[in-house]
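Any read-out appearing in this document is the output of simple, stated calculations on the displayed coordinates, not a laboratory observation. Values in this document were obtained by computation on a predicted structure and should not be read as measured data. When we count neighbours, we look across all protein chains shown, and the Cβ atoms used for this are built from the backbone with ideal geometry, even at glycine.
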Amino acid sequence: MSTTGLPPYDDANIFARILRGEIPCKRVAEDDHALAFHDINPQAPVHILVVPKGRWVSLADFAAGASDAEQGGFWRMVGAVARDAGLEASGYRILSNMGAEGGQEVPHFHVHVFGGRRLGRMVAAPAP
Ligand code: AMP
């Protein structure tokens with residue numbers, strides 16, 4: 001259930017289908033709590049998505065509803081993915097889009113890990 005005013009969780013969303021193994025992904029890491037895979041449309045030389053395995057639309061849902069084990073496992077994977085991609089020394093960015101103004105396309109909570117080049121300022125210019 002969404003606690004944020006966002007629509008309820010949609011089991012047909014693309015990340016739910018990836019988690020069920022219905023469509024393939026280029027897997028980077030997986031454990032009981034989370035899955036990491038390469039973004040299909042990379043915006044940087046490294047662009048990895050980390051998704052928790054639970055049915056969470058937003059960070060607020062995840063923070064309110066996921067077990068401590070799932071939350072800890074998820075964030076540990078985010079850190080490990082960045083480290084294992086060799087980004088600790090050069091630096092990187094994590095980002096999570098939420099809802100319409102956040103630009104969220106896939107309504108399953110996830111974090112992007114970007115790296116491998118200078119990433120510029122934090123937020124792009126407003127859309128026209
Ligand atoms: P967001 O705007 O944060 O919801 O971003 C969703 C991301 O999912 C985008 O960067 C897409 O390129 C990515 N994406 C969509 N479909 C797939 C897929 N089948 N495999 C990997 N990444 C995907």
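Ranking Phe109, Gly99, Val46 by Cα position along the charge dipole of region 46-122, where only Lys, Arg, Asp and Glu carry charges on their C-beta atoms, puts Val46 farthest toward the positive end. The mean sequence separation of alpha-carbon pairs under 8 Å and at least six residues apart, normalised by the residue count of the chain, gives a relative contact order of 29 percent. Neighbours of Met98, meaning other residues whose beta-carbon lies under 15 angstrom from its beta-carbon, give a summed charge of -3 when Lys and Arg score +1 and Asp and Glu score -1. In terms of the Cα gyration tensor, with a ≥ b ≥ c the square roots of its eigenvalues, is the chain rounded because a/c is under 1.5, prolate because a/b exceeds b/c, or oblate? In terms of gyration-tensor shape, oblate. Restricting region 76-128 to GluC sites (Glu not before Pro) that sit in a DSSP loop and have at most 11 other Cβ atoms within 10 Å of their own Cβ leaves Glu105.
In a fully extended conformation the segment linking Lys26 and Ala80 would gain 17.8 nm over its present Cα-Cα distance, using 0.36 nm per residue. If R0 is taken as 35 Å, the Cβ-Cβ distance between Ala127 and Arg17 corresponds to a FRET efficiency of 0.80. Rounded to the nearest 500, the 222 nm mean residue ellipticity of the chain from helices alone is -7500 deg cm²/dmol, with -39,500 (n - 2.57) taken per DSSP H run of at least 4 residues.
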